[in-house]
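The values are calculated or read from the model by the stated rules, or taken from the named source; none is laboratory data. Here the structure is a predicted model, which means the values were calculated and not measured. Don't worry about glycine lacking a Cβ; one is built from the backbone with ideal geometry, like all the others, and counts go over all protein chains shown.
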Amino acid sequence: MRQTVLIVPGYRGSGAGHWQTWLEQEVPEARRVSGIDWEDPLLARWAGEVRREIDEAPGAVWIVAHSFGCLASVVAAADRPHKVAGLLLVAPADPERFDLLGLRRDQQAGASVAEHLPATSFNCPSILVASRSDPWLGFDAARRWAERWGSHLVDVGRAGHINVDSGHGAWPLVLTLLAQLRATAADVPLGPLPPRAEPRRGRNGVLARLRHQTRRAMNGQVRALVRP
């Protein structure tokens, strides 16, 4: 069955000069997630669109995500472990810079989205690529997230946010890492899926809980606006 490489950009998207756009042209089975407002980093909505793409794919899905797209991808993957074959997370954005309603303007107000992200390792191989000069996430924090998710950490040195601004257009390393990820998955013996690898639906899913908390936050915001 045909496999899909799902490309998930970050906040404000990935333009023509971005390595994700280059990758989309290099890999025949690659496609970009649709239905996302790149200027509105609402985790529940982004994760919902990523999960929809996973559900609609005809076979296994390999996710290649960047920045805030990494956060949306790990939420979606946690709900669909039976379909996600591997995750390549490049320069994840710091969850502490976002709350349930988007970009945090005040770091002291409200909780971040960190507590809503998966707390354990994935049921598939994953690679987290981190830069030592990333303005969106410190390297030590990236290492902690990699350990939390059981991801292999790749240190690319001082590479900024690994985007257009840091000069990452055509980026052969991402092809190498994707190939390594696929090779790792090929070495995993097939067999019955463990209970935690079954699709999670209903109120027990990671996304369902995230959506519930997001609605509560939105309702609270409305009440604050109309309060005399």
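Taking every residue in the stretch 199-228 that is in a loop (DSSP other than H, G, I, E, B) and pairing it with any residue that is modelled with pLDDT of 85 or more and of a type outside the set (S, T, N, Q), at least 6 positions away or on another chain, the pairs with Cβ-Cβ distances below 7 Å are PRO199/ASP79; PRO199/ARG80; PRO199/HIS82; ARG200/ASP79; ARG200/VAL206; GLY205/ASP79.
Among residues of the stretch 94-135 being out of contact with any Pro (no Cβ under 8 Å at 6 or more places or on another chain), hydrophobic (A, V, I, L, M, F, W, C) and over 16 Å from LEU153 (Cβ atoms), the one that is surrounded by the fewest Cβ atoms within 10 Å (Cβ to Cβ) is ALA109. VAL74 satisfies every condition listed in (1) modelled with pLDDT of 95 or more; (2) in a loop (DSSP other than H, G, I, E, B); (3) closer than 27 Å to ALA186 by Cα except (2).
Each row is one residue, and each column tells you yes or no for (1) more than 17 Å from TYR11 (Cα to Cα); (2) touching a His at 6+ places or on another chain (Cβ under 9 Å); (3) of a type in the set (Phe, Trp, Tyr).
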| residue | (1), (2), (3) |
| --- | --- |
| GLY86 | yes, no, no |
| ALA91 | no, yes, no |
| ARG132 | yes, no, no |
| ALA141 | yes, no, no |
| ALA146 | yes, yes, no |
| GLY150 | yes, no, no |
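Out of ALA30, ALA65, one residue alone is surrounded by fewer than 22 Cβ atoms within 10 Å (Cβ to Cβ) and at pLDDT 95 or above. It is ALA30.
Every residue, every condition in (1) in contact (Cβ under 8 Å) with a residue 60 or more places away in the chain; (2) assigned to a helix (DSSP H, G or I); (3) under 20 Å from LEU103 (Cα atoms), yes or no:
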position: ILE7; (1), (2), (3): no, no, no
position: GLY10; (1), (2), (3): yes, no, yes
position: GLY15; (1), (2), (3): yes, no, no
position: GLN20; (1), (2), (3): no, yes, no
position: LEU23; (1), (2), (3): yes, yes, no
position: PRO28; (1), (2), (3): no, no, no
position: GLY35; (1), (2), (3): no, no, yes
position: PRO41; (1), (2), (3): yes, no, yes
position: ALA47; (1), (2), (3): yes, yes, yes
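Of the residues making up the stretch 134-149, at least one is among the charged types (D, E, K, R), touching a residue at least 40 places away in the same chain (Cβ under 8 Å) and assigned to a loop (DSSP other than H, G, I, E, B). Among the candidates ALA44, ALA72, ALA57, the residue that is in contact with a strand residue (DSSP E or B) (Cβ under 7 Å, 6 or more places away or on another chain), surrounded by 22 or more Cβ atoms within 10 Å (Cβ to Cβ), farther than 18 Å from ALA179 by Cβ and not β-branched (Val, Ile, Thr) is uniquely ALA72. Taking the conditions (1) modelled with pLDDT under 95; (2) in a helix (DSSP H, G or I) in turn, LEU190 satisfies each one other than (2).
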